[in-house]
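Please read the structure below before turning to the comments.
The values are calculated or read from the model by the stated rules, or taken from the named source; none is laboratory data. Keep in mind it's a predicted model, so treat the numbers as computed, not measured. Here the Cβ is made from the backbone with ideal geometry for all residues, glycine too, and neighbour counts use every protein chain on show. Just the protein is used for accessible areas: all its heavy atoms, side chains included, with ligands, DNA and RNA removed. Shrake-Rupley method; radii C 1.70, N 1.55, O 1.52, S 1.80 Å.
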Amino acid sequence: MKPYYKEAFDFINTFQPIPISVYDTLYDIASYKEIKQGDKLLDLGVIPQKIYLIGKGVIRSYILLSNGKEVTTTLYSPLMFFASFKALLHKKPTNLIYEALTDCDVFEIDYETFYNLCKKDMNLMCLYSRFLEYIILKSEARFIEYASNDAKERYLSLRERIPNLDNTIAQYQIAAALGITPVQLSRIRGKL
């Protein structure tokens, strides 16, 4: 049995329709992993080589400030791609840490292998191009959401994206992802 075969195919086709044979090639170069809560997929200072697709669970990316404080940058939920793209593309050590907040199912693809396939197959190159556009658009939308929505609106949006959020992830992690304190989150939840 191929885990998440149809779900991943349908998701990838939202970027750019690709033939099933091309998808099968992608699926075959992907490694499926079950990640335990608390495990790190990528640690500080490592030069990344993988692109990930999450099938189940929640993963956070965060930076570590010089005073030891963790700042969550993004929460990744099912059917989201993620990687430390700047470090990956420049072949430099990452300043992001990726940690599983729940038990997760993840696919990883070696970037160089993927990119070499793209150079040989126009379908994959088109998919890659659409994927990069998607990342740019998501980044812009996220910036606008943080700049224009208050914490309550961001919390409701996060709850919509991650079902059963409050029972899945620790409250301090939710607050960190929203850029607020746990006390502020408690007040927001109390008013709903």
*Looking only at segment 146-174, count how many residues are over 18 Å from G38 (Cα atoms) and assigned to a helix (DSSP H, G or I).*
14
*Can you spot a residue in segment 101-114 that is among the aliphatic types (A, V, I, L, M) and either farther than 21 Å from Y27 by Cα or exposed (fewer than 13 other Cβ atoms within 10 Å of the Cβ) (or both)?*
yes
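What is the residue count in segment 105-121 for residues that are assigned to a strand (DSSP E or B) and of a type outside the set (F, W, Y)?
In the first step, residues of segment 105-121 are kept if they are assigned to a strand (DSSP E or B); the result is 105-110.
After this cut, where a residue has to be of a type outside the set (F, W, Y) as well, the list is 105-106, 108-110.
So the count comes out to 5.
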_Can you confirm whether V71 is loosely packed, with under 14 Cβ neighbours inside 10 Å, among the β-branched types (V, I, T) and closer than 23 Å to G179 by Cβ?_
yes
*Which residue pairs have Cβ atoms closer than 9 Å, lie 6 or more positions apart in sequence or on different chains, and pair a first residue in segment 86-97 that is free of Cβ contacts under 8 Å to residues at least 24 places away in the same chain with a second residue that is in a loop (DSSP other than H, G, I, E, B) and surrounded by 18 or more Cβ atoms within 10 Å (Cβ to Cβ)?*
K86/T94; K86/L96
*Taking segment 30-40 only, how many residues are in contact with a Ser or Thr (Cβ under 7 Å, 6 or more places away or on another chain) and surrounded by 14 or more Cβ atoms within 10 Å (Cβ to Cβ)?*
0
*Any residue at all in segment 122-132 that is under 22 Å from E7 (Cβ atoms), in contact (Cβ under 8 Å) with a residue 60 or more places away in the chain, assigned to a strand (DSSP E or B) and under 19 Å from the mean Cα position of the chain (by Cα)?*
no
_Pull out all pairs, ordered by first then second residue, where Cβ-Cβ is under 7 Å, the residues are six or more apart or on different chains, the first lies in segment 51-79 and is on the phi > 0 side of the Ramachandran plot, and the second is polar (S, T, N, Q) and open to solvent by 10 Å² or more (accessible area, probe 1.4 Å)._
G57/T102
*Does Y32 count as over 22 Å from R154 (Cα atoms) and out of contact with any strand residue (DSSP E or B) (no Cβ under 7 Å at 6 or more places or on another chain)?*
no
*Name, by its number, the condition in (1) in a loop (DSSP other than H, G, I, E, B); (2) polar (S, T, N, Q); (3) open to solvent by less than 30 Å² (accessible area, probe 1.4 Å) that does not hold for S66.*
(3)
